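Worksheet for the structure shown next.
Derivation of every value follows stated rules applied to the coordinates shown; laboratory data play no part. Computed from a prediction, not measured in an experiment: that's the story for all the values here. Positions of Cβ are generated from backbone atoms using ideal geometry, with glycine treated the same way; all protein chains shown enter the neighbour counts.
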């Protein structure tokens, strides 16, 4: 999956895993060439890899929380930078589980989570980016999108909700939108959770076998599997047309949950470290404040 | 702190800890009679209590997550019920820490967190409840407010931001608002994190002693301590005028973080168990679905 990059592209890399999982700008994407069960970039070692993966992820927690706090602290002094994690993937690919994992790493008060559902009547009356703009992270925050503007070129394409020419224009609209975000200090990290057809079958069967999970299940989930190739094609187009310098796509193999959580954590870590937010120095007299606090 | 309740009040109790920490409707509140370092309702045992507290809290996690999922599942079938946790307390009382703790218990995708800051110009142009209404939890969700409508009778009273008569009217407006919420299926759990003056001093000194926490500190934090008695009085009034049948206040001693987390978890558990949300039975043929899933 790792490929040689021209010098210009290499510059944008936030770190080695970002480099490895990133979809190169302008390149054709064939998802069948990506192994959904793989663990790219994870250090090889004696099995079970899962145990090493869980430990490595846990060890990143403190650094991530520290970086988030610094990002937030910097925003109180006017730094507009923030991060937006966009999660896309087929049903059961683990978008919700990833949100839960990521929020557990951070202080939730500094996170802005949004799960996008089918657009409401009001949302459909506006341009498709309207509902996205309303919930962008504020300076210093970590935004997490469970689905996103990409639904409007994914399900909208597969289900033919709008004409094909309109879909074609949307890629450019998304790219321009994301470039503006980047210029405004938003680090956009777009993650495609790459699940295999077989693993989706296993996960749906597991839901069926547990009556407590039946509320999550509809027969539409099975009908949608007939559209799997159409969805893969729609994803391939979105990945190749919208992986830009300003906002690249990353393909994260998602058949193994431990790897998915490790990879997303690591991508966030690399991007936050590249931002390198700094604490402010005190603009008050610390000794004087101590004295005042102790005096009464 | 436990008091005899008339039969009518006892009916509303969600459970033994809710009963113990609840501010009885219409009763005078004197915060100095509440021990901020206490552990009311926590089973006595050999020290360290903290270890038993952390374990007891961890053990509640699975039940809480299960109840939240059932509440959410029920909402997909039209059940409008939801829970709103309101957190209030002095600076450093641990509102943010409690949010982090609570969100860790639940699936964050089903939570709606809102931290209220000083009102914006737009918010000030609307009635004070306007910004609250915009971010209420939807059916099936757990809402978490870090500060709330109560700021408008707390800092607004202490800092004399509006005339005293206007503050007087707001208690009634809040009560009517919360009654409407309750009638619409919102279980409102209002928690006052009760911190002692001494413990706040210790926490502020700790921030001063750690340069990485200086961004959280302003000399206003010290100035505000001079207003401590005025804030305590404002809280006493809010607690006694707004602890209603529809939306009671609970006083949670907050000097010990482990107790605070245990007590808030337990209050949530008691209220969610009282709601007793149920999973839907499948409206599809499970065997048939299995067959279809396995067929291709």
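How far is residue B:62 from the same spot in each other copy, in nm, shortest first, if each label point sits 7 Å from Cα toward Cβ?
Its label point is 2.9 nm from the equivalent points in the other copies.
Considering only A:26, A:185, A:15, give the residue with the highest GNM mean-square fluctuation for chain A, with springs between Cα atoms whenever their separation is below 10 Å.
The residue that fluctuates most here is A:26.
For the stretch B:202-296, what size does the Cα cloud have along each of its three principal axes, sorted from largest down, in whole Å?
Largest to smallest, the principal-axis extents are 71, 42, 21 Å.
Rounded to whole Å, give me the distance from the Cα center of the stretch B:217-286 to that of the stretch B:25-66.
12
At 222 nm, what value in deg cm²/dmol follows for chain B if DSSP H runs of at least 4 each add -39500 (n - 2.57) and the sum is divided by all its residues, to the nearest 500?
On the way: 13 runs with 145 residues, N = 296.
Computed mean residue ellipticity for chain B: -15000 deg cm²/dmol.
At a Förster radius of 56 Å, what calculated FRET efficiency corresponds to the Cβ-Cβ distance of residue A:292 and residue B:138, to the nearest 0.05? Display every interim value, and only then the final one.
Working: r = 45 Å, r/R0 = 0.81.
It comes to 0.80.
Using a 10 Å cut-off around each Cβ of peptide A:109-115, what is the average number of partner chain Cβ atoms that fall inside?
4
At residue A:76, label 7 Å along Cα→Cβ: distances to the other copies, nm, ascending?
Taking the point 7 Å beyond Cα along Cα→Cβ, the inter-copy spacings are 4.1 nm.
Which of these, A:194, A:271, A:214, has the largest mean-square fluctuation under a Gaussian network model of chain A (Cα springs below 10 Å)?
Checking each option, the largest mean-square fluctuation is seen for A:214.
What is the angle, in °, between the Cα long axis of helix B:257-275 and the longest principal axis of the Cα atoms in chain B? Nearest 10 is fine, range 0 to 90.
The angle comes out near 50 degrees.
Rounded to the nearest 0.05, what FRET efficiency do residue A:285 and residue B:183 give with R0 = 45 Å and r taken as the Cβ-Cβ distance? Could you check?
On the way: r = 53 Å, r/R0 = 1.18.
Between residue A:285 and residue B:183 the formula returns 0.25.
Nearest 10 degrees, 0 to 90: what angle lies between the long axis of helix A:95-105 and the longest principal axis of chain A (Cα atoms)?
Taking Cα atoms only, the helix is inclined about 10 degrees.
Ranked highest first by the average count of other Cβ atoms within 10 Å around their residues, in what order do A:102-108, A:172-178, B:39-45 fall?
Final packing ranking: A:102-108, A:172-178, B:39-45.
Can you list the copy-to-copy distances for residue B:123, using a point 7 angstrom from Cα toward Cβ, in nanometres, shortest first?
So the distances to the same position in the other copies read 2.4 nm.
Taking each residue of B:207-218 in turn, how many C-beta atoms of other protein chains fall within 10 Å of its C-beta, and what is the average?
Values: counts 2, 7, 2, 0, 5, 5, 4, 9, 14, 4, 5, 5.
Mean shielding count: 5.
Considering only A:249, A:262, A:215, give the residue with the highest GNM mean-square fluctuation for chain A, with springs between Cα atoms whenever their separation is below 10 Å.
A:215
Suppose each label sits 7 Å from its Cα in the direction of the beta carbon; what would the residue B:164-residue B:197 distance come out to in nanometres?
A separation of 2.3 nm, rounded to one decimal place.
Take the alpha carbon atoms of the stretch B:147-204, find their center, do the same for the stretch B:115-143, and report the distance between the two centers in whole angstrom.
About 13 Å separates the Cα centre of the stretch B:147-204 from the one of the stretch B:115-143.
State, to one decimal in nm, how far the label point of residue A:54 lies from the label point of residue B:210, with both points 7 Å from Cα in the Cβ direction.
Placing both labels 7 Å along Cα→Cβ, they lie 2.8 nm apart.
Relative to the longest principal axis of chain A, what angle (0 to 90°, nearest 10) does the C-alpha long axis of helix A:164-183 take?
Tilt relative to chain A: about 10 degrees.
Using the beta-carbon distance between residue B:129 and residue A:233 and R0 = 45 Å, what value does 1/(1 + (r/R0)^6) give for FRET efficiency, to the nearest 0.05?
Working: r = 49 Å, r/R0 = 1.09.
Rounded to the nearest 0.05, the efficiency is 0.40.
Translational diffusion coefficient of chain B at 25 °C, 0.890 mPa s, Stokes-Einstein with Kirkwood Rh over Cα pairs, in µm²/s as a whole number.
Estimated via Stokes-Einstein, D reaches 119 µm²/s.
Within 10 Å of each Cβ of A:89-95, how many other protein chain Cβ atoms are there on average? Could the numbers behind the result be given before it?
Values: counts 0, 0, 0, 0, 0, 0, 1.
Average per residue, whole number: 0.
Calculate the radius of gyration of the Cα atoms of the protein assembly as shown to one decimal place, then report Dmax, the largest Cα-Cα distance, as a whole number, both in Å.
Just the Cα atoms of the protein assembly as shown yield Rg and Dmax of 25.6, 78 Å.
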